[in-house]
Amino acid sequence: MGWRLSWVAVSGLGKAEVLARLELEDSGEPVDYGQRRSQAFAELPNGWVLLVRGEADAFKATELEVLSRGARLLNAGCDETVMLSGASGWSNGVRDWAIDHNPERGMSDLNIEGDTPAELAAILAQARADQAEEGGDDADVDLVFDVPQAMSGAICGWRPDMDNEDWGEIAFTRLRRIGEPDPPAKRSWLAKLFGR
C-alpha cells in the first residue's frame, strides 16, 4: 500500500487564521500525517502553515478559495495506489495554475494549466529525462508521478516523501472540528483481552 494524501500549504496567514477559516482547532495531540482519514497540522520553519489530510483529493475548491484570500496557497496530493498526483497554486480565491499526472495518459504525461511557477520547467525536464532513461512509457517505474511533490518541495519546502534536512523532523498535531470532543482513549489489546 502507498500514500494517499492531500495537503495545503499557506503563506501569508498565521495558524489561527488558517484554522478559523476552516472551522478547525488544533488538538495538540501528536499525529502521523499519513494516517488514513486524519487531519494533521504543522507550522513550517519558513513560515508556511501546512494541513495534511490522509486521503487523496481531500480539499474542496471552496476551502481552497477561502484559504487563499489574501494569501498564497499550494494544494497538492498523491495516490500511490494508482499513481495519480497533482498540485495547484492559488491566490486571492482564484486558482492560478494546476498540474496533474495520470499514467493512463502515458508515463511522461503531465497535464499543465495556467501560469505555472518557473521551478516546473527544470523539475519536469529532469523527471522526463529520468523516465526516458528507465524505458519511457514501457518502464516499470513512474518518475513523472513525483513532479507535483517536487513542486511542493520547491515552493513551500515540504514534501511527504522527503525530510527537509535543514529543518529536522516536523511535528504534526491532529486537527478537529471546533467543539468536537477528543476521541476515547484506546485500550491495549491486553486490556481488552483481560477486560480492563
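Side notes on the structure shown:
- Point-charge dipole on Cβ atoms (K/R +1, D/E -1) for the range 6-58, about Cα centre, debye to 20: 120
- Rolling a 1.4 Å probe over the heavy atoms of the protein chains gives the chain an accessible area of 54 Å² per residue.
- Loop-located trypsin sites (Lys or Arg not before Pro) across the range 1-80 with a Cβ neighbour count of 13 or fewer within 10 Å are ARG36, ARG37, LYS60, with loop assigned by DSSP.
- Extension gain, ARG105 to ALA125: 0.36 nm times the residue separation minus the Cα-Cα distance gives 5.4 nm.
- When each full DSSP H helix of the chain is screened for a Cα extent of at least 20 Å along its own axis and an average Kyte-Doolittle hydropathy of at least -1.0, the helices passing are 119-133.
- Chain lengthening between LEU44 and GLU113 when straightened (0.36 nm per residue, less Cα-Cα): 22.1 nm
- 10 Å Cβ shell holding at most 12 others, DSSP loop, GluC sites (Glu not before Pro): longest site-free stretch of the chain: 24-164
- Mean residue ellipticity (222 nm) of the chain, computed from DSSP H runs ≥ 4 via -39,500 (n - 2.57), nearest 500: -6500 deg cm²/dmol
- Among the listed values [x] 26, 20, 14; [y] 32, 17, 14; [z] 31, 23, 14, the one matching semi-axes √(5λ) of the Cα gyration tensor in Å as calculated from this structure is [z].
- Protein heavy-atom surface of the range 16-156, 1.4 angstrom probe: 44% of the accessible area is carbon and sulfur, with nucleic acids and ligands not counted.
- For the range 92-151 and the range 38-76, distance of Cα centres in Å: 21
- One decimal place: the segment ASP32-ALA61 gains 7.9 nm when fully extended, by the rule 0.36 nm per residue minus the C-alpha distance.
- Of the chymotrypsin sites (Phe, Trp or Tyr not before Pro) found in the range 122-167, those that fall in a DSSP loop while having at most 12 other beta-carbon atoms within 10 Å are TRP167.
The values are calculated or read from the model by the stated rules, or taken from the named source; none is laboratory data. Treat the numbers as computed from the prediction; the structure is a model and nothing was measured. Backbone-built Cβ (ideal geometry, glycine too); neighbour counts: all protein chains shown. Side chains are part of the model used for accessible areas, which takes the heavy atoms of the whole protein and leaves out ligands, DNA and RNA. Shrake-Rupley method; radii C 1.70, N 1.55, O 1.52, S 1.80 Å.
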